[in-house]
Structure formats: structure tokens, C-alpha cells
1. Out of everything in region 138-161 that is within 21 Å of PRO46 (Cβ to Cβ) and touching a Leu at 6+ places or on another chain (Cβ under 8 Å), what residue ends up being least open to solvent (accessible area, probe 1.4 Å)?
2. Of all residues in region 33-48, which are open to solvent by 50 Å² or more (accessible area, probe 1.4 Å) and closer than 12 Å to VAL164 by Cβ?
3. From ARG117, ARG127, ARG168, grab the single residue that is surrounded by fewer than 18 Cβ atoms within 10 Å (Cβ to Cβ) and modelled with pLDDT of 95 or more.
4. Please work out which residue is nearest to ARG147 (Cα to Cα), limiting yourself to region 80-100 and to residues that are open to solvent by 30 Å² or more (accessible area, probe 1.4 Å) and part of a loop (DSSP other than H, G, I, E, B).
5. Could you list, ordered by first residue, the pairs with Cβ atoms under 6 Å in which the first is in region 35-58 and closer than 18 Å to ALA159 by Cβ and the second is open to solvent by 60 Å² or more (accessible area, probe 1.4 Å), at least 6 apart or interchain?
6. Mind checking which residues of region 125-156 are touching a residue at least 40 places away in the same chain (Cβ under 8 Å) and in a strand (DSSP E or B)?
7. Given MET122, MET103, which one is in contact (Cβ under 8 Å) with a residue 12 or more places away in the chain and either open to solvent by 40 Å² or more (accessible area, probe 1.4 Å) or not in a helix (DSSP H, G or I) (or both)?
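The values are calculated or read from the model by the stated rules, or taken from the named source; none is laboratory data. What you are looking at is a predicted structure, and each value in this text was computed from that prediction instead of being measured. Cβ coordinates were reconstructed from backbone atoms using ideal geometry, including for glycine residues, and neighbour counts include every protein chain displayed. We work out accessible area using only protein heavy atoms, side chains counted, and drop any ligands, DNA or RNA first. Shrake-Rupley method; radii C 1.70, N 1.55, O 1.52, S 1.80 Å.
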Amino acid sequence: MVSRVTRVGEGAAGTTVSIRRASARDARRLTRLVRVSRAYEGPYAPMVAGYRVGPDYIETHRVFLAVATEGGEARGAAEAVRTGERLLGFYALVLDPPELDLMFVADAAQGLGIGRRLVEHMTDEARGAGLDAVRVVSHPPAEGFYRSVGARRTGTVAANPPAVMWDRPELLLSVPAAADRTGSGGVPLS
């Protein structure tokens, strides 16, 4: 599988932040990111206890990583060690039915715009797949983030014990046509 790398910004001291397609070799790193997320501490811990992002899941869905590399871009999991690639976050887009199934940003990368970059990339992928909207069933504390990137609340998904003990907001994120990609105030996104 050819990995597509999208350069999304320069960090300090030659660090490049990119988004690339995940491969089966990334499964352990993604699983670890999910399991150590501070967003799932306390009452939310049962949801990720034992959770696994498997190689088959990565191969089946559109899973992309945001990574930081020192002095160059890694083009796949095999290059990650050699280039000093650091995982900043990831998302998984399911096409049928269209849903943002997973999205996590590393605790150390929170507040750096990584989540917004991942959502922007995801909407580009969704547009390329011919989708006009993507469903998001949000972790309750993340609802504000999704609303800030344009999602609108459409309902509530009821708790599903024992793994999910709380109701979750259901949102819809519209996928604008390429010509319509503008942020607040008409400023182009990218």
C-alpha cells in the first residue's frame, strides 16, 4: 500500500507535522494512544479498557495519523523509528455508513491544532469518497470541539452497558464542496 503524506505544518527546530495513511504496523501505537488517553480516565475508563485498534481494522478503514518527524517526513510505519516519528493523533473514517469512528489526539499534543488538522483532512477524504456528511458519536467532553469545527448536534446515542455507561451526543459534520472550504469570516481553510 502506498502511503500518502500530507504536509500540514512546520514545528520548531526542523520538526515537520504531517498526516499519513496508517498501516497495520501502526496498530500497537494507535492502541496505546487510545488506552492512555486522559480523556478516558475515571468513569470513562471502561470504554477503552482492553480496547484494541487491530491491523485488520486499519486495513479495512481509512485510518490516518498525525505525526511529527525530526528533519524529514516518515512515509510509513517502517520509517517511523529511523526518522524519529512521534504520534500526535489519528482518526478512522468509515465510509459505509459514513462515520468518524475514532479520533484521538495525544495528551501532549492537545491544544496545538492537531484535532482541527485531522478533521480537515478527514473532510477532504470524505469529499474525495463522494460523501456530503459524516456522523460523529462523540465522547461527551469532546462535543464542544466537534461543534467548534462545524458539526451540529442531531441527537443522543443511549448508553450501552457495560462498555459505555453514559449517553453520547450524536452530531453531523457536513462535508463542504471543495469551493466552499472556508472557515469563520470567509477565511479559506488549509
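1. By that ranking, first place goes to SER138.
2. Within region 33-48, PRO43, TYR44, PRO46, MET47 qualify.
3. None of the other options fit; the residue is ARG127.
4. PRO97
5. VAL48/ARG35
6. ALA133, VAL134
7. When all the criteria are applied, what remains is MET103.
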